[in-house]
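**Q** Please see the structure below; I have some questions.
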Amino acid sequence: MQITLTLNDKKLTADVAPDTLLIDFVRSHGCLSVKRGCETSNCGLCTVFLDDKPVLSCSVLAARADGHKVTTLEGLQDEAAEFGAFIADQGAEQCGFCNPGFIMNALALFREKEYPTDEEIKEYLSGNLCRCSGYEGQLRGIRNFLAWKKAKKETAE
Amino acid sequence: MMTIREYKRAESLEEAWQLNQKRPNRVLGGMIWLKMENINVGTAIDLSGLGLDTIEETDEGFSIGAMVTLRQLELHPGLAAYTDGAVRESVRHIVGVQLRNLATVGGSIYSRFGFSDVLTMFLALNASVELYKGGVVPLAEYAQRPYDRDILVRVLVPKEHSRFVYQSVRNSQTDFPVLTCAAAKLADGSIRAAIGARPGKAVLYTAAPEAGETAEKFAARFAAEVKADIKTESNLRGGAEYRRHLAGVLTKRAVCRLEG
């Protein structure tokens, strides 16, 4: 079957099998930041935005994305660069395997809430599993990023 | 592994129903569970083009389309206000935002899973389901029915001048619940409590305070009644006896919060 969607701001038409999952579709179109982790809809590694909402691409049919907008980390380079670099500088993660899904969902959180509380951060990111950091490094990294962002904004004003 | 031979975005409920009468065909909800099944689907029937993704609120109640996501439930201000935040509490522990942006109310209610926070919550809300051919059926009755091939169109929640509370016990955040408890205090002072994840399907209990009975004594009596009656089983998340104990504890806490 043929689908037409907007992937990272580029409209494309492709033939897919009815049971092609969105994760496989975006990976076959060069979006290798999207990874398969748990296969049980739990880990958040495969997070993409579907019409600007974070979803698990391992649990969505590519056919269902027909007519919709799909965004992966590859399409958010500008928005992600500052936060990603900050998290790396903070040493907030270890192996980095969960990083693309984590950054996608963190960006979704920042879009919904500019300065979330610790509890809001923990709740929003509870669907992003990390087996290295115990989450403390990530939480510290986000806290420091938000403080830095706030100070930068206040200085600019 | 799941395979799908054909995919069809239904253009009407009638078309969806017709397609769903064929045994190998399946209606897609959020697809969270379907994709983990070892199943060969003939035609995957997608309801996402039928405008069933909205929550409508009137003075009488809420009409929740089958394709409304758990995240929409979580964020809906009208549901939050009516249920004292209980609906939000019932879904916010389910895995993560990304999953809740996919999982649908229709999929959760149709599946009637034992572990379902959603089924527990909507039983306490005295909800009904609207079926395409079967009409409106109380959820308490629907929950006991065998699976059929009708289409669940909407979930209807009446406004009852009630207060609500939702609690669950989990071994770790975002895991399946060990036990769930949703309760409502009705206008006549009685309490309706749904206990789920026994690990079987949620069941309903009701009780009313006796004349002169304090809230504390009423809570203890109702909790003891639930604990004595409820049928629980063991699985890797908790033993039957532990669940029975939790049923009493959560019922007591629910009554105390609603009476407080």
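The values are calculated or read from the model by the stated rules, or taken from the named source; none is laboratory data. Fair warning: this is a prediction, and the values are worked out from it, not measured in the lab. Cβ: placed from backbone, ideal geometry, glycine included. Neighbour counts: every protein chain shown. Only protein heavy atoms, including side chains, enter the accessible area calculation; ligands, DNA and RNA are left aside. Shrake-Rupley method; radii C 1.70, N 1.55, O 1.52, S 1.80 Å.
**Q** Using Cα-only point scatterers and the Debye equation, what is log10 of I(q)/I(0) for segment B:3-46 at each q in 0.34 Å⁻¹, rounded to two decimals?
**A** -1.30
**Q** What FRET efficiency comes out for A:Leu32 versus A:Glu112 if R0 is 22 angstrom and r is the Cβ-Cβ distance? Round to the nearest 0.05.
**A** Details: r = 27 Å, r/R0 = 1.22.
Once rounded, the FRET efficiency stands at 0.25.
**Q** My understanding is that a pair violates if its Cα-Cα distance is over 22 Å; which of A:Lys11/A:Lys113; A:Lys122/A:Lys150; A:Lys35/B:Lys8; A:Lys35/A:Lys69; A:Lys113/B:Lys159 do that in this structure?
**A** Correct reply: A:Lys11/A:Lys113; A:Lys35/B:Lys8; A:Lys113/B:Lys159.
**Q** Excluding ligands and nucleic acids, what accessible area in Å² is computed for A:Lys152 using a 1.4 Å probe, to the nearest 10?
**A** 100
**Q** Rounded to whole Hz and in sequence order, give me ³J(HN,Hα) for segment A:9-16 from the Karplus expression 6.51 cos²θ - 1.76 cosθ + 1.60, θ = phi - 60°, writing x for Gly and Pro.
**A** After applying 6.51 cos²θ - 1.76 cosθ + 1.60, I find 6, 10, 6, 9, 10, 8, 8, 9 Hz.
**Q** Would you mind telling me which residue in B:Ala183, B:Ala44, B:Ala127 has the biggest mean-square fluctuation in a Gaussian network model of chain B, where springs connect alpha carbons within a distance under 10 angstrom?
**A** Evaluated over chain B, the most mobile residue of the options is B:Ala44.
**Q** In vacuum, with every alpha carbon of segment A:76-156 counted as one equal point scatterer, what does the Debye formula give for log10 I(q)/I(0) at q = 0.20 Å⁻¹? Two decimals, please.
**A** Calculated log10 I(q)/I(0) at the listed q: -0.88.
**Q** Counting every Cα pair in segment B:55-158, what percent are over 18 Å apart? All intermediate terms of the calculation are to be shown ahead of the outcome.
**A** Values: 2170 of 5356 pairs.
For segment B:55-158, the share of Cα pairs beyond 18 Å comes to 41 percent.
**Q** From the protein chains alone at 1.4 Å, what is the descending order of accessible area for A:Tyr135, B:Tyr205, largest first? Write out the running numbers ahead of the final one.
**A** Details: A:Tyr135 80, B:Tyr205 40 Å².
Largest accessible area first, the list is A:Tyr135, B:Tyr205.
**Q** What residues have an amide H closer than 5 Å to that of B:Ile39, excluding those fewer than 5 places away on the same chain, when H is modeled at 1.01 Å from N in the peptide plane?
**A** Residues meeting the criterion, in which the H sits 1.01 Å from N, are B:Met2, B:Thr3.
**Q** For helix A:77-89, report the angle its Cα long axis makes with the longest principal axis of the Cα atoms of chain A; keep it between 0 and 90° and round to the nearest 10°.
**A** Between helix and principal axis, roughly 50 degrees.
**Q** For segment B:48-85 and segment B:148-209, what is the centre-to-centre distance using only Cα atoms, to the nearest Å?
**A** So the two Cα centres are separated by 17 Å.
**Q** Compute a Gaussian network model of chain B, connecting alpha carbons closer than 10 Å, and tell me which residue from B:Ala208, B:Ala187, B:Ala140 fluctuates the most.
**A** B:Ala187
**Q** Continuing with this model, one more query. Obtain the nm distance between the two label points defined at B:Glu56 and A:Ala81 by a simple spin-label model: each point lies 7 Å from its Cα along the Cα-to-C-beta direction.
**A** Between B:Glu56 and A:Ala81, the simple spin-label model gives 4.8 nm.
**Q** How big is the protein assembly as shown by Rg and Dmax over its Cα atoms, in Å?
**A** My reading of the Cα-based Rg and Dmax gives 22.6, 71 Å.
**Q** Next up: Which order do you get for B:Tyr7, B:Tyr142 if you rank them by accessible area with a 1.4 Å probe, largest at the top?
**A** Working: B:Tyr7 30, B:Tyr142 5 Å².
Sorted descending by solvent-accessible area, the residues read B:Tyr7, B:Tyr142.
**Q** If you count only protein heavy atoms and use a 1.4 Å probe, how large is the accessible surface of A:Thr40, to the nearest 10 Å²?
**A** 60
**Q** Identify, among B:Ser111, B:Cys256, B:Ala228, the residue whose Cα sits farthest towards the positive end of the charge dipole of segment B:104-260, taking +1 on the Cβ of Lys and Arg and -1 on the Cβ of Asp and Glu, with the dipole about the Cα centre.
**A** B:Ser111
**Q** Applying the Karplus parametrisation 6.51 cos²θ - 1.76 cosθ + 1.60 with θ = phi - 60° to the phi angles of segment A:105-111, what ³J(HN,Hα) value in whole Hz is obtained for each residue in order, glycine and proline being reported as x?
**A** Taking θ as phi minus 60°, the curve returns 6, 5, 5, 4, 4, 5, 5 Hz for segment A:105-111.
**Q** Moving on to the next point. Assuming R0 = 56 Å, can you tell me the calculated FRET efficiency for the pair B:Glu259 and A:Ala88, based on Cβ-Cβ distance, to the nearest 0.05?
**A** Working: r = 52 Å, r/R0 = 0.93.
Result of the calculation: an efficiency of 0.60.
**Q** Let me ask something additional. Which ³J(HN,Hα) values, rounded to whole Hz and listed in residue order, are derived for segment A:40-57 from phi using the Karplus coefficients 6.51, -1.76 and 1.60 in 6.51 cos²θ - 1.76 cosθ + 1.60 with θ = phi - 60°, glycine and proline given as x?
**A** Result, rounded to whole Hz: 10, 6, 10, 8, x, 4, 9, 4, 10, 9, 10, 6, 6, 10, x, 9, 8, 5.
**Q** Between A:Thr40 and A:Asn144, what length comes free when the chain is fully extended (0.36 nm per residue of separation minus the Cα-Cα distance, one decimal in nm)? Kindly include the intermediate steps, with their values, before the conclusion.
**A** Values: separation 104, 0.36 × 104 = 37.44 nm, distance 3.20 nm.
Using 0.36 nm per residue and subtracting the Cα-Cα distance, I get 34.2 nm.
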